[in-house]
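Chemist: Below are the C-alpha coordinates for one structure; questions will follow.
The values are calculated or read from the model by the stated rules, or taken from the named source; none is laboratory data. Everything quoted here is computed from the prediction, not taken from an experiment. Please note: Cβ atoms are built from the backbone with ideal geometry, for glycine as well, and neighbour counts cover all protein chains shown. Just so you know, the surface numbers come from the protein's heavy atoms only, side chains and all, with ligands and any DNA or RNA stripped out. Shrake-Rupley method; radii C 1.70, N 1.55, O 1.52, S 1.80 Å.
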Amino acid sequence: MILQNSGISKEEIFKQLEEKQKQDFDWRTGRIFCSVYPAGEEIEEIAKKAYTMFLTENPVDPTLFPSLRDMETEVIGKCSEILQGGKEVVGTLTTGGTESILLAVKTAKNRAKSLNPSQTKFELIMPYSIHSAFFKACDYFEVTPIVVPLTPDYKADVIAIERAITENTILIAASAPSYVFGVVDPIKKIGEIALKNNVMLHVDACIGGVVLGFNRLAGLKQVPEFDFSVPGVTSISMDLHKYGYTAKGCSALMHRNKSYRKHQYYACSEWTGYTLVNPTILSTKTGGPIAAAWAVMKFLGKDGYCEISKKTMSTTARFIDGINSIEGLQVIGIPEVSLFSFTTTQGNPYDLFDELNHKGWFVQFQLSNDYSPANLHLTVSKIHENLVDEFIKDLKECHQKVQKKGLVKKAAEKVTIETAKKLAQNLSPENFDKLGKLLGFSNGKVPEKLALINKIMDVLPPDTVRNTLIDYMNDFYTLNQER
Ligand SMILES: Cc1ncc(COP(=O)(O)O)c(C=O)c1O
(Lines give C-alpha, C1' and ligand atoms only; values in the text may rest on other atoms or scores of the structure.)
Protein backbone atom coordinates (compact mmCIF):
# COMPACT_ATOMS: atom_id res chain seq x y z
CA MET A 1 0.00 0.00 0.00
CA ILE A 2 1.44 3.35 -1.00
CA LEU A 3 -0.89 5.46 1.12
CA GLN A 4 0.35 4.72 4.63
CA ASN A 5 -2.04 4.94 7.59
CA SER A 6 -0.13 7.29 9.80
CA GLY A 7 2.23 10.13 9.03
CA ILE A 8 5.97 10.01 9.59
CA SER A 9 8.19 12.47 11.43
CA LYS A 10 9.56 15.67 9.95
CA GLU A 11 13.13 14.38 10.42
CA GLU A 12 12.37 11.16 8.61
CA ILE A 13 10.68 13.00 5.73
CA PHE A 14 13.68 15.23 5.08
CA LYS A 15 16.03 12.29 5.40
CA GLN A 16 14.03 10.50 2.73
CA LEU A 17 13.92 13.57 0.52
CA GLU A 18 17.69 13.93 0.76
CA GLU A 19 18.02 10.28 -0.19
CA LYS A 20 15.82 10.84 -3.24
CA GLN A 21 17.84 13.87 -4.27
CA LYS A 22 20.95 11.70 -4.45
CA GLN A 23 19.55 10.14 -7.65
CA ASP A 24 19.62 13.54 -9.36
CA PHE A 25 22.34 15.23 -11.31
CA ASP A 26 24.36 17.38 -8.92
CA TRP A 27 23.85 20.67 -10.75
CA ARG A 28 25.83 22.57 -8.12
CA THR A 29 29.00 21.16 -9.69
CA GLY A 30 28.20 23.18 -12.82
CA ARG A 31 28.93 20.16 -15.02
CA ILE A 32 25.54 20.52 -16.67
CA PHE A 33 24.61 22.74 -19.64
CA CYS A 34 20.82 22.73 -19.68
CA SER A 35 17.76 23.01 -17.44
CA VAL A 36 19.40 24.97 -14.61
CA TYR A 37 20.90 28.47 -14.39
CA PRO A 38 22.85 28.61 -11.15
CA ALA A 39 24.14 32.03 -10.18
CA GLY A 40 25.60 31.36 -6.77
CA GLU A 41 24.48 30.46 -3.28
CA GLU A 42 23.46 33.94 -2.20
CA ILE A 43 21.05 34.42 -5.10
CA GLU A 44 19.63 30.95 -4.58
CA GLU A 45 19.10 31.68 -0.90
CA ILE A 46 17.28 34.93 -1.63
CA ALA A 47 15.02 33.28 -4.22
CA LYS A 48 14.27 30.41 -1.84
CA LYS A 49 13.43 32.60 1.13
CA ALA A 50 11.23 34.96 -0.88
CA TYR A 51 9.53 31.99 -2.55
CA THR A 52 8.69 30.23 0.69
CA MET A 53 7.45 33.48 2.28
CA PHE A 54 4.76 33.62 -0.42
CA LEU A 55 4.31 29.88 -0.92
CA THR A 56 0.70 29.86 0.22
CA GLU A 57 -0.42 33.24 -1.14
CA ASN A 58 -2.43 32.92 -4.34
CA PRO A 59 -2.33 35.45 -7.18
CA VAL A 60 -5.71 34.26 -8.44
CA ASP A 61 -7.34 36.96 -6.30
CA PRO A 62 -5.38 40.23 -6.29
CA THR A 63 -7.88 41.77 -3.90
CA LEU A 64 -6.87 39.25 -1.25
CA PHE A 65 -3.14 39.46 -1.94
CA PRO A 66 -2.37 42.98 -3.20
CA SER A 67 1.31 42.40 -2.35
CA LEU A 68 1.53 39.96 -5.27
CA ARG A 69 -0.07 42.44 -7.69
CA ASP A 70 2.40 45.11 -6.49
CA MET A 71 5.40 42.85 -6.94
CA GLU A 72 4.19 41.57 -10.31
CA THR A 73 3.65 45.06 -11.73
CA GLU A 74 7.05 46.16 -10.42
CA VAL A 75 8.79 43.17 -12.01
CA ILE A 76 6.91 43.76 -15.28
CA GLY A 77 7.98 47.41 -15.16
CA LYS A 78 11.62 46.32 -14.89
CA CYS A 79 11.15 43.88 -17.78
CA SER A 80 9.67 46.69 -19.85
CA GLU A 81 12.77 48.79 -19.22
CA ILE A 82 15.07 45.91 -20.15
CA LEU A 83 13.06 45.57 -23.38
CA GLN A 84 12.93 49.36 -24.10
CA GLY A 85 9.20 49.26 -23.61
CA GLY A 86 8.13 52.81 -22.91
CA LYS A 87 5.01 53.82 -21.04
CA GLU A 88 2.39 51.80 -22.86
CA VAL A 89 4.00 48.38 -22.62
CA VAL A 90 2.21 46.01 -20.24
CA GLY A 91 2.78 42.41 -19.25
CA THR A 92 1.92 39.42 -17.12
CA LEU A 93 4.03 36.97 -15.17
CA THR A 94 3.34 33.42 -16.27
CA THR A 95 4.71 30.10 -15.06
CA GLY A 96 7.30 29.74 -17.81
CA GLY A 97 8.29 30.19 -21.41
CA THR A 98 5.78 27.68 -22.66
CA GLU A 99 2.86 29.35 -20.91
CA SER A 100 3.95 32.76 -22.24
CA ILE A 101 4.08 31.37 -25.77
CA LEU A 102 0.74 29.56 -25.45
CA LEU A 103 -0.79 32.81 -24.29
CA ALA A 104 0.83 34.88 -27.04
CA VAL A 105 -0.77 32.56 -29.62
CA LYS A 106 -4.12 32.56 -27.80
CA THR A 107 -3.99 36.39 -27.69
CA ALA A 108 -3.37 36.60 -31.44
CA LYS A 109 -6.18 34.16 -32.21
CA ASN A 110 -8.69 35.88 -29.93
CA ARG A 111 -7.77 39.27 -31.36
CA ALA A 112 -8.22 37.98 -34.91
CA LYS A 113 -11.62 36.55 -33.96
CA SER A 114 -12.73 39.79 -32.39
CA LEU A 115 -11.63 41.81 -35.43
CA ASN A 116 -13.20 39.37 -37.86
CA PRO A 117 -15.79 37.07 -36.27
CA SER A 118 -16.25 35.13 -39.51
CA GLN A 119 -12.58 34.03 -39.66
CA THR A 120 -12.37 30.25 -39.36
CA LYS A 121 -8.76 29.52 -40.32
CA PHE A 122 -5.87 30.74 -38.25
CA GLU A 123 -2.23 30.55 -39.30
CA LEU A 124 0.99 31.20 -37.45
CA ILE A 125 4.11 31.88 -39.54
CA MET A 126 7.31 30.77 -37.85
CA PRO A 127 10.86 29.88 -38.86
CA TYR A 128 12.14 26.30 -38.84
CA SER A 129 14.26 27.07 -35.78
CA ILE A 130 11.36 28.22 -33.58
CA HIS A 131 10.92 26.55 -30.17
CA SER A 132 8.64 23.53 -29.92
CA ALA A 133 6.31 25.50 -27.61
CA PHE A 134 4.85 27.19 -30.72
CA PHE A 135 3.92 23.80 -32.19
CA LYS A 136 2.35 22.96 -28.85
CA ALA A 137 0.38 26.23 -28.95
CA CYS A 138 -0.82 25.44 -32.49
CA ASP A 139 -1.90 22.01 -31.32
CA TYR A 140 -3.72 23.31 -28.24
CA PHE A 141 -5.47 26.26 -29.92
CA GLU A 142 -6.12 24.81 -33.39
CA VAL A 143 -3.86 27.16 -35.29
CA THR A 144 -2.02 25.96 -38.40
CA PRO A 145 1.77 26.26 -38.18
CA ILE A 146 3.29 27.65 -41.38
CA VAL A 147 6.98 26.84 -41.09
CA VAL A 148 9.34 28.91 -43.24
CA PRO A 149 12.99 28.13 -44.08
CA LEU A 150 16.20 29.59 -42.69
CA THR A 151 18.94 31.42 -44.53
CA PRO A 152 22.49 29.96 -44.45
CA ASP A 153 23.22 31.85 -41.20
CA TYR A 154 20.45 29.79 -39.51
CA LYS A 155 18.14 32.81 -39.25
CA ALA A 156 14.53 33.20 -40.38
CA ASP A 157 14.19 33.84 -44.10
CA VAL A 158 12.44 37.21 -44.26
CA ILE A 159 11.36 36.87 -47.87
CA ALA A 160 9.78 33.49 -47.13
CA ILE A 161 7.91 35.01 -44.19
CA GLU A 162 6.43 37.75 -46.37
CA ARG A 163 5.43 35.26 -49.03
CA ALA A 164 3.69 33.07 -46.46
CA ILE A 165 1.32 35.81 -45.27
CA THR A 166 -2.32 35.18 -46.15
CA GLU A 167 -5.65 36.50 -44.93
CA ASN A 168 -5.54 33.72 -42.32
CA THR A 169 -2.27 34.85 -40.75
CA ILE A 170 -2.80 35.82 -37.14
CA LEU A 171 0.80 36.05 -36.01
CA ILE A 172 4.44 35.89 -37.05
CA ALA A 173 6.87 34.47 -34.49
CA ALA A 174 10.65 34.82 -34.43
CA SER A 175 13.39 34.11 -31.92
CA ALA A 176 15.90 36.21 -30.02
CA PRO A 177 17.77 33.88 -30.01
CA SER A 178 16.67 30.46 -31.23
CA TYR A 179 17.44 27.73 -28.72
CA VAL A 180 18.81 25.43 -31.41
CA PHE A 181 21.51 27.71 -32.86
CA GLY A 182 21.72 30.68 -30.45
CA VAL A 183 21.29 33.21 -33.26
CA VAL A 184 18.84 36.11 -33.34
CA ASP A 185 16.36 36.29 -36.23
CA PRO A 186 16.35 39.55 -38.25
CA ILE A 187 13.68 41.09 -36.03
CA LYS A 188 13.92 44.57 -37.55
CA LYS A 189 13.21 43.37 -41.07
CA ILE A 190 10.47 41.03 -39.88
CA GLY A 191 8.96 43.97 -37.96
CA GLU A 192 8.80 45.98 -41.19
CA ILE A 193 6.95 43.16 -42.88
CA ALA A 194 4.58 42.75 -39.94
CA LEU A 195 3.76 46.45 -40.00
CA LYS A 196 3.33 46.59 -43.76
CA ASN A 197 0.94 43.64 -43.70
CA ASN A 198 -0.77 44.58 -40.45
CA VAL A 199 0.12 41.30 -38.75
CA MET A 200 1.14 40.82 -35.11
CA LEU A 201 4.75 39.85 -34.36
CA HIS A 202 5.82 37.89 -31.30
CA VAL A 203 9.51 37.75 -30.35
CA ASP A 204 10.46 34.66 -28.39
CA ALA A 205 13.17 36.03 -26.15
CA CYS A 206 12.43 33.38 -23.54
CA ILE A 207 15.96 32.16 -23.16
CA GLY A 208 18.07 35.08 -24.32
CA GLY A 209 16.03 38.22 -23.66
CA VAL A 210 17.54 38.99 -20.26
CA VAL A 211 21.11 38.47 -21.49
CA LEU A 212 20.56 40.51 -24.66
CA GLY A 213 18.86 43.29 -22.70
CA PHE A 214 21.67 43.56 -20.18
CA ASN A 215 24.33 43.21 -22.86
CA ARG A 216 22.83 46.34 -24.41
CA LEU A 217 22.62 48.12 -21.04
CA ALA A 218 26.22 47.08 -20.27
CA GLY A 219 27.31 48.73 -23.51
CA LEU A 220 28.46 45.55 -25.26
CA LYS A 221 28.90 45.98 -29.00
CA GLN A 222 26.81 44.37 -31.70
CA VAL A 223 23.77 43.50 -29.62
CA PRO A 224 21.11 42.64 -32.20
CA GLU A 225 17.88 44.64 -32.18
CA PHE A 226 15.07 42.49 -30.87
CA ASP A 227 12.84 44.37 -28.43
CA PHE A 228 10.06 46.99 -28.36
CA SER A 229 12.40 49.55 -29.93
CA VAL A 230 11.73 47.64 -33.16
CA PRO A 231 8.52 48.90 -34.79
CA GLY A 232 6.11 46.08 -35.54
CA VAL A 233 6.94 43.93 -32.51
CA THR A 234 3.65 43.45 -30.67
CA SER A 235 4.66 40.99 -27.94
CA ILE A 236 7.76 39.47 -26.34
CA SER A 237 8.25 36.52 -24.01
CA MET A 238 11.22 36.69 -21.64
CA ASP A 239 11.82 34.07 -18.96
CA LEU A 240 13.01 35.17 -15.57
CA HIS A 241 13.52 31.60 -14.39
CA LYS A 242 16.36 31.19 -16.87
CA TYR A 243 18.89 34.02 -17.17
CA GLY A 244 16.86 36.17 -14.75
CA TYR A 245 18.25 33.74 -12.13
CA THR A 246 14.96 33.64 -10.22
CA ALA A 247 13.04 30.57 -9.07
CA LYS A 248 11.40 28.24 -11.59
CA GLY A 249 7.86 29.13 -12.57
CA CYS A 250 8.44 32.65 -13.85
CA SER A 251 8.34 34.20 -17.31
CA ALA A 252 7.18 37.62 -18.50
CA LEU A 253 4.78 37.94 -21.41
CA MET A 254 4.92 41.54 -22.57
CA HIS A 255 2.58 43.37 -24.96
CA ARG A 256 3.11 46.66 -26.79
CA ASN A 257 -0.02 48.03 -25.15
CA LYS A 258 -3.18 47.08 -23.31
CA SER A 259 -5.24 46.75 -26.48
CA TYR A 260 -3.25 43.57 -27.25
CA ARG A 261 -3.11 42.20 -23.70
CA LYS A 262 -6.88 42.47 -23.46
CA HIS A 263 -7.19 39.40 -25.69
CA GLN A 264 -4.99 37.38 -23.35
CA TYR A 265 -7.54 37.61 -20.52
CA TYR A 266 -10.17 35.04 -19.81
CA ALA A 267 -13.29 35.86 -17.84
CA CYS A 268 -16.11 33.50 -17.00
CA SER A 269 -19.56 34.74 -16.13
CA GLU A 270 -21.41 31.58 -17.09
CA TRP A 271 -20.82 29.39 -14.09
CA THR A 272 -22.38 29.70 -10.66
CA GLY A 273 -19.26 30.08 -8.54
CA TYR A 274 -16.97 33.00 -7.78
CA THR A 275 -16.20 35.51 -10.52
CA LEU A 276 -13.26 34.42 -12.56
CA VAL A 277 -11.08 36.74 -14.58
CA ASN A 278 -7.39 36.21 -15.13
CA PRO A 279 -4.68 36.60 -17.74
CA THR A 280 -2.96 33.21 -17.36
CA ILE A 281 -3.75 29.58 -18.09
CA LEU A 282 -3.49 28.56 -14.45
CA SER A 283 -5.85 30.05 -11.91
CA THR A 284 -4.76 28.98 -8.43
CA LYS A 285 -0.99 28.95 -8.10
CA THR A 286 1.67 29.84 -5.60
CA GLY A 287 2.83 33.43 -5.18
CA GLY A 288 6.38 32.07 -4.70
CA PRO A 289 7.80 32.75 -8.18
CA ILE A 290 6.51 36.33 -8.20
CA ALA A 291 8.12 37.08 -4.83
CA ALA A 292 11.36 35.33 -5.82
CA ALA A 293 11.58 37.30 -9.08
CA TRP A 294 10.93 40.55 -7.25
CA ALA A 295 13.58 39.74 -4.63
CA VAL A 296 16.33 38.56 -7.01
CA MET A 297 15.81 41.51 -9.37
CA LYS A 298 15.98 43.93 -6.44
CA PHE A 299 19.10 42.22 -5.11
CA LEU A 300 21.01 42.22 -8.37
CA GLY A 301 19.89 45.54 -9.81
CA LYS A 302 21.01 46.66 -13.24
CA ASP A 303 24.70 46.56 -12.28
CA GLY A 304 24.52 43.01 -10.94
CA TYR A 305 22.82 41.70 -14.07
CA CYS A 306 25.19 43.59 -16.40
CA GLU A 307 28.16 42.11 -14.59
CA ILE A 308 26.79 38.55 -14.83
CA SER A 309 25.81 39.06 -18.48
CA LYS A 310 29.29 40.27 -19.47
CA LYS A 311 30.96 37.38 -17.65
CA THR A 312 28.60 34.83 -19.19
CA MET A 313 29.31 36.18 -22.67
CA SER A 314 33.08 36.03 -22.19
CA THR A 315 32.80 32.51 -20.75
CA THR A 316 30.74 31.50 -23.79
CA ALA A 317 33.37 32.92 -26.14
CA ARG A 318 36.05 30.83 -24.37
CA PHE A 319 33.96 27.66 -24.80
CA ILE A 320 33.38 28.44 -28.49
CA ASP A 321 37.06 29.13 -29.17
CA GLY A 322 38.09 26.01 -27.26
CA ILE A 323 35.67 23.77 -29.17
CA ASN A 324 36.55 25.24 -32.56
CA SER A 325 40.24 24.69 -31.79
CA ILE A 326 39.71 20.91 -31.59
CA GLU A 327 40.15 19.36 -35.00
CA GLY A 328 36.92 17.71 -36.14
CA LEU A 329 34.63 19.74 -33.88
CA GLN A 330 32.77 22.79 -35.11
CA VAL A 331 30.39 25.28 -33.50
CA ILE A 332 27.35 25.79 -35.74
CA GLY A 333 26.85 29.33 -37.09
CA ILE A 334 27.84 32.45 -35.19
CA PRO A 335 26.03 32.39 -31.84
CA GLU A 336 24.97 35.80 -30.53
CA VAL A 337 23.97 34.95 -26.97
CA SER A 338 25.26 32.48 -24.38
CA LEU A 339 24.01 29.27 -25.95
CA PHE A 340 25.21 27.35 -28.97
CA SER A 341 25.51 23.95 -30.61
CA PHE A 342 28.47 22.13 -32.02
CA THR A 343 28.88 19.15 -34.23
CA THR A 344 31.58 16.78 -35.21
CA THR A 345 32.93 16.02 -38.63
CA GLN A 346 34.85 13.03 -37.29
CA GLY A 347 32.88 10.47 -35.30
CA ASN A 348 29.37 10.87 -34.02
CA PRO A 349 28.16 13.53 -31.53
CA TYR A 350 25.96 11.00 -29.77
CA ASP A 351 28.99 8.87 -28.89
CA LEU A 352 30.67 12.03 -27.72
CA PHE A 353 27.63 12.71 -25.54
CA ASP A 354 27.98 9.32 -23.86
CA GLU A 355 31.71 9.78 -23.32
CA LEU A 356 31.21 13.22 -21.79
CA ASN A 357 28.49 11.79 -19.62
CA HIS A 358 30.89 9.13 -18.45
CA LYS A 359 33.21 11.91 -17.31
CA GLY A 360 30.38 13.55 -15.38
CA TRP A 361 29.38 16.25 -17.91
CA PHE A 362 25.83 16.69 -19.11
CA VAL A 363 25.38 18.50 -22.42
CA GLN A 364 22.20 18.26 -24.45
CA PHE A 365 21.92 16.34 -27.70
CA GLN A 366 19.86 17.60 -30.63
CA LEU A 367 18.81 15.33 -33.50
CA SER A 368 19.91 16.20 -37.02
CA ASN A 369 17.62 18.55 -38.93
CA ASP A 370 17.22 20.09 -42.39
CA TYR A 371 19.95 22.61 -41.63
CA SER A 372 22.49 20.88 -39.45
CA PRO A 373 23.78 17.45 -38.60
CA ALA A 374 23.18 15.92 -35.17
CA ASN A 375 24.80 18.12 -32.56
CA LEU A 376 25.40 18.86 -28.90
CA HIS A 377 24.00 21.96 -27.23
CA LEU A 378 25.45 24.05 -24.41
CA THR A 379 23.61 26.70 -22.41
CA VAL A 380 26.33 28.56 -20.57
CA SER A 381 25.73 30.38 -17.30
CA LYS A 382 27.57 32.08 -14.47
CA ILE A 383 28.58 28.81 -12.82
CA HIS A 384 30.66 27.71 -15.82
CA GLU A 385 33.21 30.51 -15.55
CA ASN A 386 35.85 28.33 -13.86
CA LEU A 387 35.08 25.13 -15.73
CA VAL A 388 36.00 26.05 -19.30
CA ASP A 389 39.53 24.62 -19.30
CA GLU A 390 38.51 21.37 -17.64
CA PHE A 391 35.61 20.91 -20.05
CA ILE A 392 37.74 21.55 -23.14
CA LYS A 393 40.42 19.15 -21.88
CA ASP A 394 37.84 16.41 -21.25
CA LEU A 395 36.10 17.12 -24.56
CA LYS A 396 39.38 16.67 -26.41
CA GLU A 397 39.99 13.33 -24.70
CA CYS A 398 36.43 12.14 -25.33
CA HIS A 399 36.64 13.18 -28.97
CA GLN A 400 39.86 11.19 -29.42
CA LYS A 401 38.29 8.17 -27.76
CA VAL A 402 35.21 8.33 -29.98
CA GLN A 403 37.39 8.52 -33.08
CA LYS A 404 39.39 5.47 -32.00
CA LYS A 405 36.30 3.38 -31.25
CA GLY A 406 34.38 4.73 -34.25
CA LEU A 407 34.76 2.08 -36.93
CA VAL A 408 34.27 -0.97 -34.73
CA LYS A 409 31.15 0.52 -33.18
CA LYS A 410 29.72 1.63 -36.51
CA ALA A 411 29.62 -1.89 -37.91
CA ALA A 412 27.91 -3.36 -34.85
CA GLU A 413 25.35 -0.60 -34.65
CA LYS A 414 24.49 -0.70 -38.32
CA VAL A 415 22.55 -3.93 -37.90
CA THR A 416 20.47 -2.56 -35.01
CA ILE A 417 19.71 0.66 -36.87
CA GLU A 418 18.60 -1.27 -39.97
CA THR A 419 16.33 -3.46 -37.80
CA ALA A 420 14.76 -0.33 -36.29
CA LYS A 421 14.14 1.14 -39.72
CA LYS A 422 12.45 -2.07 -40.87
CA LEU A 423 10.21 -2.21 -37.79
CA ALA A 424 9.22 1.42 -38.34
CA GLN A 425 7.95 0.61 -41.84
CA ASN A 426 5.13 -1.43 -40.36
CA LEU A 427 4.28 -0.22 -36.92
CA SER A 428 1.92 -2.98 -35.81
CA PRO A 429 1.47 -3.10 -32.00
CA GLU A 430 3.92 -6.01 -31.94
CA ASN A 431 6.55 -4.13 -33.96
CA PHE A 432 5.97 -1.04 -31.87
CA ASP A 433 6.76 -3.04 -28.78
CA LYS A 434 9.87 -4.51 -30.39
CA LEU A 435 11.02 -1.07 -31.45
CA GLY A 436 10.53 0.25 -27.91
CA LYS A 437 12.66 -2.60 -26.55
CA LEU A 438 15.33 -2.03 -29.18
CA LEU A 439 15.49 1.60 -28.16
CA GLY A 440 15.79 0.57 -24.54
CA PHE A 441 12.38 2.15 -23.81
CA SER A 442 10.84 -0.55 -21.71
CA ASN A 443 9.75 -1.15 -18.12
CA GLY A 444 10.16 2.52 -17.30
CA LYS A 445 13.95 2.16 -17.25
CA VAL A 446 16.33 4.88 -18.33
CA PRO A 447 18.92 3.32 -20.63
CA GLU A 448 22.44 3.92 -19.44
CA LYS A 449 23.90 4.89 -22.79
CA LEU A 450 21.93 7.09 -25.10
CA ALA A 451 24.09 7.20 -28.23
CA LEU A 452 22.48 4.26 -29.98
CA ILE A 453 18.95 5.43 -29.15
CA ASN A 454 19.74 8.82 -30.61
CA LYS A 455 21.23 7.34 -33.73
CA ILE A 456 18.10 5.26 -34.23
CA MET A 457 15.78 8.19 -33.54
CA ASP A 458 17.73 10.20 -36.07
CA VAL A 459 16.82 7.84 -38.90
CA LEU A 460 13.18 7.13 -37.96
CA PRO A 461 10.26 9.12 -39.37
CA PRO A 462 9.19 12.00 -37.04
CA ASP A 463 5.77 10.39 -36.44
CA THR A 464 7.42 7.22 -35.18
CA VAL A 465 9.75 9.17 -32.91
CA ARG A 466 6.81 11.15 -31.51
CA ASN A 467 4.69 8.07 -30.81
CA THR A 468 7.57 6.13 -29.30
CA LEU A 469 8.44 8.99 -26.97
CA ILE A 470 4.83 9.31 -25.82
CA ASP A 471 4.58 5.59 -25.20
CA TYR A 472 7.83 5.58 -23.30
CA MET A 473 6.81 8.48 -21.06
CA ASN A 474 3.41 6.93 -20.51
CA ASP A 475 5.26 3.90 -19.19
CA PHE A 476 7.86 5.83 -17.26
CA TYR A 477 5.41 7.59 -14.96
CA THR A 478 3.96 4.48 -13.34
CA LEU A 479 4.67 2.99 -9.98
CA ASN A 480 6.29 -0.30 -9.07
CA GLN A 481 8.58 -0.57 -12.02
CA GLU A 482 12.23 -1.36 -11.84
CA ARG A 483 14.21 1.75 -12.40
C1 LIG B 1 13.74 30.04 -27.04
C2 LIG B 1 12.88 29.32 -26.05
N3 LIG B 1 11.56 29.49 -26.05
C4 LIG B 1 10.76 28.86 -25.18
C5 LIG B 1 11.26 27.99 -24.25
C6 LIG B 1 10.33 27.25 -23.31
O7 LIG B 1 10.52 27.66 -22.00
P8 LIG B 1 10.04 26.79 -20.73
O9 LIG B 1 10.86 25.56 -20.72
O10 LIG B 1 10.29 27.71 -19.59
O11 LIG B 1 8.60 26.50 -20.91
C12 LIG B 1 12.65 27.76 -24.22
C13 LIG B 1 13.25 26.81 -23.26
O14 LIG B 1 14.42 26.56 -23.23
C15 LIG B 1 13.48 28.44 -25.14
O16 LIG B 1 14.80 28.23 -25.18
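Chemist: Starting from the range 243-254, take each residue that is assigned by TED's automatic domain parsing to the domain that holds Val75 and list its partners that are within 11 Å of the ligand (Cβ to nearest atom) and aromatic (Phe, Trp, Tyr), counting only C-beta distances under 7 angstrom and pairs at least six apart or across chains.
Modeler: Final answer for the pair search is Tyr243/Tyr37; Tyr245/Tyr37.
Chemist: Further question: Being within 16 Å of the ligand (Cβ to nearest atom), of a type outside the set (Gly, Ala, Ser), buried (at least 17 other Cβ atoms within 10 Å of the Cβ) and in a helix (DSSP H, G or I) is the filter here, so list the residues in the range 108-140 that pass it.
Modeler: If the condition is that a residue be within 16 Å of the ligand (Cβ to nearest atom), of a type outside the set (Gly, Ala, Ser), buried (at least 17 other Cβ atoms within 10 Å of the Cβ) and in a helix (DSSP H, G or I), then Phe134, Cys138 are the ones that fit.
Chemist: Does the range 219-239 hold any residues that are of a type in the set (Asp, Glu) and within 16 Å of the ligand (Cβ to nearest atom), and which are they?
Modeler: Across the range 219-239, the qualifying residues are Asp227, Asp239.
Chemist: Quick check on this structure: which one of Lys434, Lys401 is modelled with pLDDT of 80 or more, open to solvent by 90 Å² or more (accessible area, probe 1.4 Å), assigned to a helix (DSSP H, G or I) and in contact with an Asp or Glu (Cβ under 7 Å, 6 or more places away or on another chain)?
Modeler: Lys401
Chemist: In addition: Answer yes if at least one residue in the range 192-203 is among the aliphatic types (A, V, I, L, M), surrounded by fewer than 17 Cβ atoms within 10 Å (Cβ to Cβ) and more than 14 Å from the ligand (Cβ to nearest atom), and no otherwise.
Modeler: Looking through the range 192-203, at least one residue is among the aliphatic types (A, V, I, L, M), surrounded by fewer than 17 Cβ atoms within 10 Å (Cβ to Cβ) and more than 14 Å from the ligand (Cβ to nearest atom).
Chemist: Right, something else. Looking at (1) within 12 Å of the ligand (Cβ to nearest atom); (2) open to solvent by 60 Å² or more (accessible area, probe 1.4 Å), can you tell me which one Arg216 breaks?
Modeler: Unmet condition: (1).
Chemist: Sticking with this one: Is there a residue being out of contact with any helix residue (DSSP H, G or I) (no Cβ under 6 Å at 6 or more places or on another chain), more than 17 Å from Leu171 (Cβ to Cβ) and open to solvent by less than 40 Å² (accessible area, probe 1.4 Å) anywhere in the range 229-241?
Modeler: yes
Chemist: In the range 176-190, how many residues are open to solvent by 10 Å² or more (accessible area, probe 1.4 Å) and near the ligand (Cβ under 8 Å from one of its atoms)?
Modeler: Qualifying residue count, the range 176-190: 1.
Chemist: Could you please let me know if Ile326 is away from the ligand (no atom under 16 Å from the Cβ) and assigned to a helix (DSSP H, G or I)?
Modeler: Here the answer is no, as Ile326 does not meet what is asked.
Chemist: Please specify each residue of the range 58-103 satisfying the condition of being touching a Cys at 6+ places or on another chain (Cβ under 9 Å), not β-branched (Val, Ile, Thr) and not in a loop (DSSP other than H, G, I, E, B).
Modeler: Gly91, Leu93, Gly97, Ser100
Chemist: Look through Glu74, Glu57 and report the one residue that is of a type in the set (D, E, K, R), open to solvent by less than 60 Å² (accessible area, probe 1.4 Å) and under 12 Å from Ile290 (Cα atoms).
Modeler: Step by step, each of Glu74, Glu57 is checked, and only Glu57 is of a type in the set (D, E, K, R), open to solvent by less than 60 Å² (accessible area, probe 1.4 Å) and under 12 Å from Ile290 (Cα atoms).
Chemist: Quick one: which of Leu83, Leu68, Leu64 is without any contact (Cβ under 8 Å) to a residue 60 or more places away in the chain, closer than 30 Å to Asn278 by Cα and either in contact with a helix residue (DSSP H, G or I) (Cβ under 7 Å, 6 or more places away or on another chain) or surrounded by fewer than 14 Cβ atoms within 10 Å (Cβ to Cβ) (or both)?
Modeler: Leu64
Chemist: Continuing with this model, one more query. Can Lys155 be described as at negative phi, within 15 Å of the ligand (Cβ to nearest atom), surrounded by 19 or more Cβ atoms within 10 Å (Cβ to Cβ) and not hydroxyl-bearing (Ser, Thr, Tyr)?
Modeler: yes
Chemist: Going through the range 277-334 one residue at a time, which ones are open to solvent by 20 Å² or more (accessible area, probe 1.4 Å) and in contact with a helix residue (DSSP H, G or I) (Cβ under 7 Å, 6 or more places away or on another chain)?
Modeler: Listed by number, the residues that qualify are Pro279, Ile281, Trp294, Phe299, Lys302, Lys311, Met313, Arg318, Gln330.
Chemist: Sticking with this structure for a sec: Name the single residue that is nearest to Gly97 (Cα to Cα) among those in the range 141-153 being touching a strand residue (DSSP E or B) at 6+ places or on another chain (Cβ under 9 Å) and in a loop (DSSP other than H, G, I, E, B).
Modeler: Selected residue: Val143.
Chemist: Which number in (1) within 25 Å of Ile46 (Cβ to Cβ); (2) open to solvent by less than 10 Å² (accessible area, probe 1.4 Å) marks the one condition that Ile383 misses?
Modeler: (2)
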